[in-house]
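Notes follow the structure.
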Amino acid sequence: MDPKIRKQLIKILEEGKEIPASFKDILFPGEEKKMEYELVYGIKQREEDILADTWSVPFQPVKQFGNVKKGEWHNKLIFGDNLQALKHLLKLKEQGKLKNENGTDGVRLVYIDPPFGTGDIYDARSGAPAYSAKLQGAAFIEFLRKRLIFLRELLADNGSIYVRIDYHFGHYIKVIMDEVFGKENFRNEFIVRRGSPKAGLIEQFEKIKSVGVAYDNIYWYSKKPETVFNKILKEAEPHQKIGKWSSFKKIYDRPKLRYELLGIKLKSGQWMWNKERALRAVENYKKYLEEAKKTGETLEEYWERTGKKLEFVRRHGNNLQYWVKPREFVLTDNNWLDIPGYSHITDYPTENSEQLLERIIASGSDPGDIVLDCFAGSGTTGAVAEKLRRRWIMCDVSKFAIYTMIKRMLSLKEGIGQKGKALKPKPFVLYNAGLYFDGEYLKGLDDGEYKKFALELFQAEEKEQIINGFKLEGVLMNAPVHIFPRDGALTEEYIDDLHRTLGEFLKDRMFIIAPLNRVYFLQDYIEKDGVRYYVLRIPYSVIDELHKNQFSRPLQPATSKDINQLIEAIGFDFIYPPEVEAKYYRTGKTLFGELVIEIKKFVPVQRSKKPIEFKNREALSMVLIDKNYNGRYFDMDYYFFRDQIEKDKWKVKFSADKVGDKIAIIYLDVLGNERFEVKSIKDFKRN
């Protein structure tokens, strides 16, 4: 190191200042530069750390839709933090369980439309605020970068990713995608309609300070240069649907294409086609003129009658012209303003249009390929994938999104834009990832399934070993892991016995995974002769000593403007239904009237060392209603956010018209826990 630079660095350290990013290459000369440039910001992590430290959470099946056969592929709808879910999907890929229909590994196509991280308030269909993307600046960039890294690893070798973003952060995300996927794998950038332009008299906008935003950007990258790409056709413009004559001379300069034709010889430039092809086109036009004398046909009529394949060239004055055929469809370019960018098949805000996803999925995958969307929202990606015979995986951290997608997938129509006959979807399974049903689920697992579930929850490696006659099932942080029996009693006396057997063979620690209700002491670890025996409780979310990140749960929105808020979850927890006291009655003197749920008490159940304090009923996220519950699955008809319910004096009101024998009600708290109840119309007494 240069003495001057060393002296400067020592001074910075002595003054307690942060080392500038410019010192990176000097301090770490062994690191190869992977790119010509990169986006530098303070919270940026190494790719290796992101891949290694991200918490993987196993998938817990919640509900099957259709006949799911063991060992066969089924589509997946996942509730949970998408980063943790992507880590588990990567494990499935490595195990050979993420295959396309043709047997190749990995996801063929990824499409994501993440909230844009601007803090902007987006409007829902009703005009009420839809959501606010709360992560901004570097936090948003790193949030998305982490997911892009995992998505790259999940892609098949010939797979592609399409990312929709707006003008606020598009230029930053473009640089990040160059870093993650390699700028040589940038395929194209598309523009897509954002919404309806502002309308009105010019006088209304005399004092406007900015130009309206008409489009978003979609960046298309592949994992490698060889990727699936099918040509995309779009409807021709009106002028393209009419045949016309155009100049046969082009400005390019290829001597081989400068030949004499119909008495005209070029000195510069070139003809459009080679001589043989051009002579055939000249003869075709002569034959047409002869036929036209007899039939009176137009050139277009003659072309259609002869099979729509002929080409024509004629002399026009001192120039040559060729006939441009009329076309119903033409190849698309990267201007996609001809189709809607958003639509309103559901009431979900910023719902991507089916026309947009049809174009992306049809061009970037083949039937039987896996399509993934980890910001699935209203489920457009899965809906179109189903219609185009693709396999699909969708993930979202919002329960509202999950119920929206279930309803959508079970009411599909064959045509794009939700048109045509009803379409029964292929079998799919709803999974929980990171939030699980409690001990009843664990009891249903066999010993092998329980062992895998427990090891993955705590990121432990499955590795059986026997020490002094005692069987251990895994390794975590270079220390052995023991999975405690589900029906035993983990006491301090048990730890004493364990230490007598294993103590002299251990370095400084070991881990014991056990169900919470089987642990009969409070401390996180017991130390014996310098050896710590850590207890990892199921569902104890994260032991502070084991993970650099504190446990956090994905918070559910309490207002409509908070849908799709960008919050990361870390670790796992179990689902504990909240305590709810409510009065059920009906009002109105009409035949049907109005059904009312008056919420008297709402308290979340938290089994945590640091429970969140909630006042009154502020832990309530929303109430969902299925007014004609079929006993098999919840089909959402109404939803009410807490701010709306509170404004209405903690009352949920909906019409009694067309209400069935059973009314299903879901009370959802902000921690993602839900209480499911079924009521009869008779339970709603006249008030």
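Hey, which lysines would be in cross-link range of K421, C-alpha to C-alpha under 20 Å, not counting anything within fewer than 8 residues on its own chain? List returned: K387, K407, K413. How far is helix 399-409 tilted, in degrees, relative to the longest principal axis of the Cα atoms in the chain, given as a value from 0 to 90 rounded to the nearest 10? For 399-409 against the chain, the angle is about 50 degrees.
Counting other Cβ atoms within 10 Å as a rough exposure proxy, the listed residues I242, I370 run I242, I370 from fewest neighbours to most.
Amide hydrogen proximity for I78: with H placed 1.01 Å from N in the peptide plane, the residues at 5 or more positions away or on another chain lying under 5 Å are M394, C395, D396, Y431. From helices alone, the chain scores -7000 deg cm²/dmol at 222 nm; the rule is -39500 (n - 2.57) for each run of n ≥ 4 DSSP H residues, then divide by the residue total. The lysines within cross-link reach of K294, meaning a Cα-to-Cα straight distance under 24 Å and a gap of 8 or more places when in the same chain, are K244, K286, K308, K309, K325. Here's how it looks for Y342: its modeled amide H is under 5 Å from those of S353, which are all 5 or more places away or on a different chain. Computed from backbone phi with θ = phi - 60° and the Karplus coefficients 6.51, -1.76 and 1.60, the 3J(HN,Hα) list for the stretch 257-273 is 9, 10, 10, 7, 8, 6, x, 10, 10, 7, 9, 8, x, 7, 7, 6, 10 Hz; x is used for glycine and proline.
In the chain, the longest principal axis of the Cα atoms and the axis of helix 170-181 are about 80 degrees apart. Per-residue 3J(HN,Hα) values for the stretch 217-229, derived from phi via the Karplus relation 6.51 cos²θ - 1.76 cosθ + 1.60 with θ = phi - 60°, read 10, 10, 9, 10, 10, 10, 6, 9, x, 7, 9, 6, 8 Hz in sequence order (x marks Gly and Pro). Each of W392, W73, W220 has some number of other Cβ atoms within 10 Å of its Cβ, and from fewest to most they run W73, W220, W392.
Cα to Cα, under 17 Å, and not fewer than 8 places away if on the same chain: which lysines meet these conditions relative to K183? Within the straight-line cut-off, K183 pairs with K33, K34, K174, K223, K224. For the stretch 243-325, the normalised intensity computed at q = 0.13, 0.17, 0.27 Å⁻¹ comes to -0.42, -0.68, -1.38 (log10 of I(q)/I(0), Debye sum over alpha carbons, equal scatterers, no solvent). Note that the chain shows a convex hull volume over its alpha carbon atoms of 292 Å³ per residue. The stretch 629-650 and the stretch 401-475 have Cα centres spaced 26 Å apart. Taking amide H positions as modeled 1.01 Å from N, with prolines and chain starts lacking one, the residues under 5 Å from L155 and 5 or more places away or on another chain are V107. As a proxy for reagent exposure, ranking D635, D657 by other Cβ atoms within 10 Å from fewest up yields D657, D635. Among the listed pairs K234/K424; K7/K507; K17/K146; K443/K610; K426/K647, which have their C-alpha atoms separated by more than 32 angstrom in this model? From the list (K234/K424; K7/K507; K17/K146; K443/K610; K426/K647), the Cα-Cα distance tops 32 Å for K7/K507; K426/K647.
So for the chain: antiparallel DSSP bridges make up what percent, rounded to the nearest 5? Close to 70 percent.
The phi-based Karplus calculation (6.51 cos²θ - 1.76 cosθ + 1.60; θ = phi - 60°) puts the 3J(HN,Hα) values of the stretch 340-357 at x, x, 10, 8, 9, 5, 10, 8, 6, x, 6, 7, 5, 6, 5, 5, 5, 5 Hz, whole numbers, x for Gly and Pro.
Computed from the coordinates by the stated procedures, all read-outs in this text should not be read as laboratory data. The model shown is predicted, which means the values in this text are computed figures rather than measured ones. Cβ: placed from backbone, ideal geometry, glycine included. Neighbour counts: every protein chain shown.
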